[in-house]
Amino acid sequence: MNKQKIITFLSLLVVTLWAIAGCHFSSATIEQGNTPAKANISPVKQENVELTVSAAASLKDALGEITSLYSKAKATVAIRNNFGSSGDLQQQIMNGAPVDVFISAAPKQMDELQKKDLIIANTRRDLLTNKLVLIVPADRSDVKEIKDLTNASIERIAIGDPRSVPVGQYSEQALTKLELMQELQPKFVLGNNVRQVLQFVESGNAQAGIVYATDAKTSTKVKVVEIIDAKLYKPIVYPIAVLQKSPHQETAKSYLEYLSSEPAKNVFEKYGFSTL
């Protein structure tokens, strides 16, 4: 075989080997490309979400029941309720507490958060209303109306702390209009939230107290002796809103919608709230 033929043979051999290698590479590339595609064909899993709901203490029983209903309807959403006085909850949010939804027992606290752009303004709406009532221990009979609180036999009257507790602010408004605030103030036992006011009367640590009608309804240890005239205080309204820093805003908005649904309204009304 002369030199020219050898060169030609080697050239053909290199081309053939290159073609074979190229086909193998293309095949491997196709197979590798197909494999991930097949692996990605699987059911889409829904992400579990936890919402933190900071709500006025007066909502504890109603929201507890609604949370149970909501969990059955939305299995992938867990609700963590945080109850307290609306003023304390407002301060927690202003100090950076991770909250998705806020429900206040008065507009004042929500107004303050809105001024600081801490809520999503277009999610805010009024959810519920309530009434103010005068309560005494169930076995007490010497108090028939609010003016009886001036009697010498009444030494301790429980109200919410007006500095931070909405029920205390409403109570202060009513007593001021009745011109009883100054006379009764030395008798006051201040509660950190409406449930503590209720407990003071239940335990006998206070001989009377002013709470929401819904809270009085939860206890057999107290009785309502007077529904306080609504003209004596500002309307008791519960505003609700989603927080700007919520990492789950769409889920939180969906929860707000649920709270206005018929199942939720039925629970609220069962506990004595009026729905809007």
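The values are calculated or read from the model by the stated rules, or taken from the named source; none is laboratory data. Since the model is a prediction, treat every value here as computed from it, not as a measurement. Virtual Cβ from ideal backbone geometry, glycine too; neighbours counted across all protein chains shown. Only protein heavy atoms, including side chains, enter the accessible area calculation; ligands, DNA and RNA are left aside. Shrake-Rupley method; radii C 1.70, N 1.55, O 1.52, S 1.80 Å.
Answer yes if at least one residue in region 160-181 is within 16 Å of LYS223 (Cα to Cα), among the small types (Gly, Ala, Ser), in contact with a helix residue (DSSP H, G or I) (Cβ under 7 Å, 6 or more places away or on another chain) and assigned to a loop (DSSP other than H, G, I, E, B), and no otherwise.
no
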Handout entry: The one condition in (1) under 24 Å from ALA62 (Cβ atoms); (2) surrounded by fewer than 18 Cβ atoms within 10 Å (Cβ to Cβ); (3) β-branched (Val, Ile, Thr) that THR176 fails to fulfil
Key = (1)
Fill in the blank from the handout: Going through region 186-217 in order, the residues found to be among the acidic types (Asp, Glu) and open to solvent by less than 40 Å² (accessible area, probe 1.4 Å) are ASP215
Problem - Residue count for region 154-169, restricted to those that are out of contact with any Ser or Thr (no Cβ under 8 Å at 6 or more places or on another chain) and open to solvent by 10 Å² or more (accessible area, probe 1.4 Å) - result: 4
Practice task
Kindly provide the set of residues from region 121-141 that are more than 24 Å from ALA158 (Cα to Cα) and open to solvent by 20 Å² or more (accessible area, probe 1.4 Å), ordered by number.
Solution key: ALA121, ASN122, ARG124, ARG125, ASP126
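Every residue in region 48-70 that is open to solvent by less than 50 Å² (accessible area, probe 1.4 Å), without any contact (Cβ under 8 Å) to a residue 60 or more places away in the chain and not in a strand (DSSP E or B), please. Before the answer, list the steps.
If we filter region 48-70 for residues that are open to solvent by less than 50 Å² (accessible area, probe 1.4 Å), which is where we start, we get 49, 51-59, 62-64, 66-67, 70.
Imposing the further condition that a residue be without any contact (Cβ under 8 Å) to a residue 60 or more places away in the chain reduces the set to 52, 54-55, 63-64, 67.
Matches in region 48-70: LEU63, GLY64, THR67.
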Fill in the blank from the handout: Within region 210-243, the residues that are among the small types (Gly, Ala, Ser) and within 22 Å of VAL101 (Cβ to Cβ) are ALA241
Practice task
Name every residue in region 233-276 that is within 17 Å of ILE66 (Cα to Cα), out of contact with any Ser or Thr (no Cβ under 7 Å at 6 or more places or on another chain) and aromatic (Phe, Trp, Tyr), in order of residue number.
Solution key: TYR255, TYR258
Exercise for the section: Give region 88-117 a look and list any residue that's closer than 26 Å to GLU172 by Cβ and in a loop (DSSP other than H, G, I, E, B), or say none. Expected result: ASN95, SER104, ALA105, ALA106, LYS116
Practice task
Using the structure shown, decide if SER274 is closer than 19 Å to TYR170 by Cβ, surrounded by fewer than 21 Cβ atoms within 10 Å (Cβ to Cβ) and not hydrophobic (A, V, I, L, M, F, W, C).
Solution key: yes
Handout entry: Conditions (1) touching a residue at least 40 places away in the same chain (Cβ under 8 Å); (2) within 17 Å of the chain's Cα centre (by Cα); (3) not in a loop (DSSP other than H, G, I, E, B); number of the one not met by GLU226
Key = (2)
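So for region 239-258 (the condition being within 15 Å of VAL167 (Cα to Cα), at pLDDT 95 or above and either part of a loop (DSSP other than H, G, I, E, B) or of a type in the set (Gly, Ala, Ser) (or both)), does at least one residue qualify? Can you show your working first?
From region 239-258, those within 15 Å of VAL167 (Cα to Cα) are 239; that's our starting set.
When the remaining residues are screened for being at pLDDT 95 or above, the result is 239.
Those still in the list that are either part of a loop (DSSP other than H, G, I, E, B) or of a type in the set (Gly, Ala, Ser) (or both) too: none.
No, the conditions are met nowhere in region 239-258.
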Exercise for the section: Please work out if ILE103 is buried (at least 22 other Cβ atoms within 10 Å of the Cβ), within 14 Å of the chain's Cα centre (by Cα) and hydrophobic (A, V, I, L, M, F, W, C). Expected result: yes
Exercise for the section: Could you please give the count of residues in region 218-239 that are of a type in the set (D, E, K, R) and surrounded by fewer than 17 Cβ atoms within 10 Å (Cβ to Cβ)? Expected result: 4
Handout entry: Hey, PRO263 part of a loop (DSSP other than H, G, I, E, B) and either surrounded by fewer than 20 Cβ atoms within 10 Å (Cβ to Cβ) or modelled with pLDDT under 95 (or both) or not
Key = no
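Output the residues belonging to region 77-87 that are buried (at least 17 other Cβ atoms within 10 Å of the Cβ) and either without any contact (Cβ under 8 Å) to a residue 12 or more places away in the chain or not aromatic (Phe, Trp, Tyr) (or both).
Applying the first criterion (buried (at least 17 other Cβ atoms within 10 Å of the Cβ)) to region 77-87 yields 77, 79, 81, 83-87.
Passing the criteria: VAL77, ILE79, ASN81, GLY84, SER85, SER86, GLY87.
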